[in-house]
Amino acid sequence: VKRTVTHSDVARRLTGYRPLWTMAALLALGLTALPRVSGPAAVLAAHPRSDVALTMWTWKVFHKSGWEAVAAAFKAKTGITVNIQAFSPDDLYRTKVRAATNTRQLPDILSYWSGAQWDLAAAGALMDLTGKVSAEGFAPGTYAQSSVLTKDAHAAWVANPTTSKKLLALPVGHVFSVPTLAGSPNFMMFNKSMMKKAGLNPDKAPATFEELIADLKKITAAGQPGFAAAVKNPDVPPYWILCPAYVQAVGRQAYDDQMNGLKPLNNPTFVHMLDLFKELRTSRLWVPGVTNIDIDPADVTFAQQRSSLDVGGTYTFGAIVSLGMDPKNILVFNVPGPAGSVEKFRNGMFSLIEEAITRDSRHPAEALQWLKFSTSAEGAALFAKTANDLPATRLPADPKVVGAPIAQIERFFAGSAGTFTGVTHFVPAGAAYTLLQKDLQQLVVGEGDSTDMMATALQKELDAVNAKTYKGQKPPRVIVPPLK
Amino acid sequence: MKSWPARATSTVPGARALRRSRRRRLPPRWWVGYLFMAPALLLFLVLGAYCVTFSFALSFFQWDGFSTSWRWVGLDNFAYFLYGDPATAQLFRDSLLHNIEIAAIVPISSCLVGLALALLLNRSGRVSRLFRTLYYLPAITAGVATLYTWQLIYQPGGVLSALLTALRLPTLVPYDGWLGTPSLALPAVMVVMIWSSAPGAMLMYLAGLQTLDKEVLDAAAMDGAGAWPRLRHIIWPLLFPITVILMILGMDVAIQDYGTVYLMTNGGPAGATSLVGLLVFQHATQMGGTDTGLGLGSAMGWTLFLFTFVLAMVNLRLFRARA
């Protein structure tokens, strides 16, 4: 019997698959709720007048405004849009870059820690810029040392058996990035008005670590706050305070040999240095609760006059000034070595952040244009003025050009050849460094073994690390180049 | 040569009928349930199972996080932090000990505080409802902001110092604050953990109390049982299954959670609050590069998992036996 299909039959059949429809509707709803892909098409749609839109990643949130100012000037000149995206904190950024490298979703331009860009280059994530960029215009101590793979750097990799084959395969002389931000750590900053109140000469920086302690004692004796460093960050006590002082105490070559495990670290000078560091606690020269202060809070503490001394780098100075502290009230000086130091030197500028074009960029030619503009005198000056940080481009120490705080930093570096310490082993390797970090934190809180025992344990740990790394052989000696 | 009959089962008499009857027994639209499960299952397979397998494999390799090649190191990553490197092994042991301390103290304290609050609030009335909401607030507001608030409470010159000074007890105020003094930092962090987990326990106990048979409690009261005997001999045994769940979940969280410590002390001062989870995080995200970070972090994570798994099994056995 022929049967006519009615509307109600169709409806019944359709409602029979109700769960399927519900599922489909839910899926569709879910898909619409997904975040939009921020690909080039989406960016172009947002900026219809631009022919090309580039994306740049950085992890320095306070640099974003600086880069945006440079991007605006770049767009006015070329019509190319550069979208600046900042991801903070550092560990999140590192993880994001790792993930994007593996999924091939890196932005056109990537900011990365100077020295660490080689890992990305070895993974094939960066465009080879050899022959496309040059050292011209960059400050001494930046491009030639950090962006070009030098023979010395490559030799140091070869000497280390743990270096990956991919890293060793990178050709000497090649360039994968350009320096964008320069500076130097190991600066100390005294509050001048507090020095004056303590009867100190506010224009005279302490020449030795002992003098530094004496000055701090006078300041705290006058009822003023002491030293606030970012002790919560375990890198700060060794990297910013102890090591830069100790390298002057024994000289750079002896220092490298000791940190490399070729000469004993458990020597009287090192123990004396640890004792001096310990005295900051025993004389109660740290501000209370210093172990729980991180980098930014330490700067805030100093800017709010709740500490008389801060330690950091050129970037710290910029941060303090942007927090509203009068730069004229800050006495900037290098971390001093202990009395009887073998060497005394001034820190030179070196590259801190590199900028690279990634292999995932769809517009490498335009990205190269941006790289050149952002590191040009015009772009860098704009960045310096807006972000209050020191570009790696050679700039005049003129407040009108770079802003007052950066002009002051530029003056500090004037005449410097731009070498930092030239030391390859600035801290002991592997777990020996972890032990040093712990020891210094213990000295800050007034706990732990005696400094003698600390030095001995550190030496033992360093020997164990080296024995494993070099399979019982001595580590190869690194000749530290002379300071220019 | 002996030939095996193809599809031998099909020759068995009645087999087809049996299959047909089974098929017939399937309810209409039996696949709907599977369909609704599919997205979650797919999500787990893509995100959960993939990550777990990836991390497990990684614990036997060295990887810089960028390149496509991994270097096989076998059990070296495990050996490194268990005994191979003295400083790292010491740090790992200290961290594991801190984890054990937290796992032993935080869940028990949370249960005790939660039960006490639930008993106090197990009555009707507006005031009671208001307090229920107030006491539950830490559970819904616990996050980065509250951890920073606790930092302000603990810091030198903070709320706690001011309170003790006002009570004429300045000698109890530590020079470096509670989080800056190694012997006090971990207990201070545990107080925060208890503060944030007790409301959850309170809610579960409160729900349990409201399902208790009132007649049993009334009968006990009529027999002359006071509040304490009723709690000890009636309420506590009846709420024991809830305690089991709370203890197992609490221990799991106490061992896995490192966010509180990361934000409040970053494992310091001098490693006084370091936890295995925090070490995993630090190795996996901070060292990186050519270092052994990712593989080492994964190996540490799997060791912690093994520890948690054994602990959970022991707990489950013990509590089940008692329940």
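The values are calculated or read from the model by the stated rules, or taken from the named source; none is laboratory data. This one's a predicted model, so the numbers in the text were calculated from it and none came from an experiment. Cβ placement follows ideal geometry from the backbone for every residue including glycine, while neighbour counts extend to all protein chains displayed.
Summary of computed values
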{"quantity": "Boolean, A:ALA53 is away from every other protein chain (no Cβ under 14 Å), over 21 Å from A:THR393 (Cβ atoms), touching a residue at least 24 places away in the same chain (Cβ under 8 Å) and small (Gly, Ala, Ser)", "calculated": "yes"}
{"quantity": "Sole residue being surrounded by fewer than 16 Cβ atoms within 10 Å (Cβ to Cβ) and in contact (Cβ under 8 Å) with a residue 40 or more places away in the chain, chosen from B:PHE44, B:PHE56", "calculated": "B:PHE56"}
{"quantity": "Criterion: in a helix (DSSP H, G or I), of a type outside the set (S, T, N, Q) and farther than 24 Å from B:LEU311 by Cα - qualifying residue of B:LEU186, B:LEU203, B:LEU239", "calculated": "B:LEU203"}
{"quantity": "Verdict on B:VAL173 being within 14 Å of chain A (Cβ to nearest Cβ) and surrounded by 14 or more Cβ atoms within 10 Å (Cβ to Cβ)", "calculated": "yes"}
{"quantity": "Hits in the stretch B:150-164 - residues which are within 14 Å of another protein chain (Cβ to nearest Cβ) and over 22 Å from the mean Cα position of the chain (by Cα)", "calculated": "B:GLN151, B:LEU152, B:ILE153, B:TYR154, B:GLN155, B:PRO156, B:GLY157, B:GLY158, B:VAL159, B:LEU160, B:SER161, B:ALA162"}
{"quantity": "Entirely in the stretch B:52-160, the helices (runs of 4 or more DSSP H) that have 2 or more residues that are out of contact with any Gly (no Cβ under 7 Å at 6 or more places or on another chain) and hydroxyl-bearing (Ser, Thr, Tyr)", "calculated": "B:86-121, B:126-141, B:144-154"}
{"quantity": "Residue satisfying all of: in the stretch A:202-219; part of a loop (DSSP other than H, G, I, E, B) and among the hydrophobic types (A, V, I, L, M, F, W, C); surrounded by the fewest Cβ atoms within 10 Å (Cβ to Cβ) among these", "calculated": "A:ALA207"}
{"quantity": "When residues of the stretch B:259-275 are limited to those that are in contact with a Leu (Cβ under 7 Å, 6 or more places away or on another chain) and over 23 Å from A:ASP439 (Cβ atoms), the one nearest to the other protein chains (Cβ to nearest Cβ)", "calculated": "B:LEU263"}
{"quantity": "One residue from A:PRO161, A:PRO185, A:PRO140 being out of contact with any Lys or Arg (no Cβ under 9 Å at 6 or more places or on another chain) and not in a helix (DSSP H, G or I)", "calculated": "A:PRO185"}
{"quantity": "Subset of the stretch A:421-478 [touching a Pro at 6+ places or on another chain (Cβ under 8 Å) and away from chain B (no Cβ under 14 Å)]", "calculated": "A:THR421, A:GLY422, A:TYR470"}
{"quantity": "Of residues in the stretch A:261-312 being assigned to a loop (DSSP other than H, G, I, E, B) and surrounded by 22 or more Cβ atoms within 10 Å (Cβ to Cβ), the one nearest to the chain's Cα centre (by Cα)", "calculated": "A:ILE293"}
{"quantity": "Residue in the stretch A:81-90 that is within 14 Å of chain B (Cβ to nearest Cβ), modelled with pLDDT under 90, assigned to a helix (DSSP H, G or I) and on the phi < 0 side of the Ramachandran plot present", "calculated": "yes"}
{"quantity": "Within the stretch A:65-80, tally of residues that are within 19 Å of A:LEU368 (Cβ to Cβ) and among the hydroxyl-bearing types (Ser, Thr, Tyr)", "calculated": "1"}
{"quantity": "Enumeration of residues in the stretch B:63-120 that are of a type in the set (D, E, K, R) and surrounded by fewer than 21 Cβ atoms within 10 Å (Cβ to Cβ)", "calculated": "B:ARG71, B:ASP76, B:ARG93, B:ASP94, B:GLU101"}
{"quantity": "Residue within the stretch A:402-412 that is closer than 30 Å to A:MET273 by Cα and not in a helix (DSSP H, G or I) present", "calculated": "no"}
{"quantity": "Residue match in the stretch A:281-288 (condition: within 14 Å of another protein chain (Cβ to nearest Cβ) and without any contact (Cβ under 8 Å) to a residue 24 or more places away in the chain)", "calculated": "yes"}
{"quantity": "Failed item in (1) in contact (Cβ under 8 Å) with a residue 24 or more places away in the chain; (2) buried (at least 24 other Cβ atoms within 10 Å of the Cβ), with A:TRP240 passing the rest", "calculated": "(2)"}
{"quantity": "Filter result (in contact (Cβ under 8 Å) with a residue 60 or more places away in the chain and within 30 Å of B:GLU215 (Cβ to Cβ)) within the stretch B:237-287", "calculated": "B:LEU239, B:PHE240, B:PRO241, B:THR243, B:VAL244, B:LEU246, B:MET247"}
{"quantity": "Some residue of the stretch A:447-461 being under 26 Å from B:LEU179 (Cα atoms), in contact (Cβ under 8 Å) with a residue 12 or more places away in the chain and in contact with a helix residue (DSSP H, G or I) (Cβ under 6 Å, 6 or more places away or on another chain)", "calculated": "yes"}
{"quantity": "Residue that is farthest from the chain's Cα centre (by Cα), among those in the stretch A:74-96 that are buried (at least 16 other Cβ atoms within 10 Å of the Cβ) and over 22 Å from B:PHE281 (Cβ atoms)", "calculated": "A:THR78"}
{"quantity": "Every residue from the stretch B:147-194 that is β-branched (Val, Ile, Thr) and free of Cβ contacts under 8 Å to residues at least 12 places away in the same chain", "calculated": "B:THR149, B:ILE153, B:VAL159, B:THR165, B:THR171, B:VAL191"}
{"quantity": "Pair list, Cβ < 6 Å and 6+ apart or interchain, from the stretch A:97-109 residues that are in contact (Cβ under 8 Å) with a residue 60 or more places away in the chain and facing chain B (nearest Cβ under 9 Å) to residues that are part of a loop (DSSP other than H, G, I, E, B) and charged (D, E, K, R)", "calculated": "none"}
{"quantity": "Filter result (in a loop (DSSP other than H, G, I, E, B) and surrounded by fewer than 19 Cβ atoms within 10 Å (Cβ to Cβ)) within the stretch A:449-475", "calculated": "A:ASP449, A:SER450, A:TYR470, A:LYS471, A:GLY472, A:GLN473, A:LYS474"}
{"quantity": "Filter pass, B:ALA89 being closer than 30 Å to A:LEU462 by Cβ and within 12 Å of chain A (Cβ to nearest Cβ)", "calculated": "yes"}
{"quantity": "Residue within the stretch B:222-230 that is more than 30 Å from A:ASP294 (Cβ to Cβ), away from chain A (no Cβ under 14 Å), of a type outside the set (Gly, Ala, Ser) and assigned to a loop (DSSP other than H, G, I, E, B) present", "calculated": "yes"}
{"quantity": "Qualifying residue in the stretch A:359-368 (condition: more than 14 Å from every other protein chain (Cβ to nearest Cβ) and over 30 Å from A:THR81 (Cβ atoms))", "calculated": "no"}
{"quantity": "Out of A:ASN329, A:ASN388, sole residue that is in contact with a Gly (Cβ under 6 Å, 6 or more places away or on another chain) and in contact (Cβ under 8 Å) with a residue 24 or more places away in the chain", "calculated": "A:ASN388"}
{"quantity": "A:ALA387 buried (at least 24 other Cβ atoms within 10 Å of the Cβ) and either of a type in the set (S, T, N, Q) or modelled with pLDDT of 95 or more (or both)", "calculated": "no"}
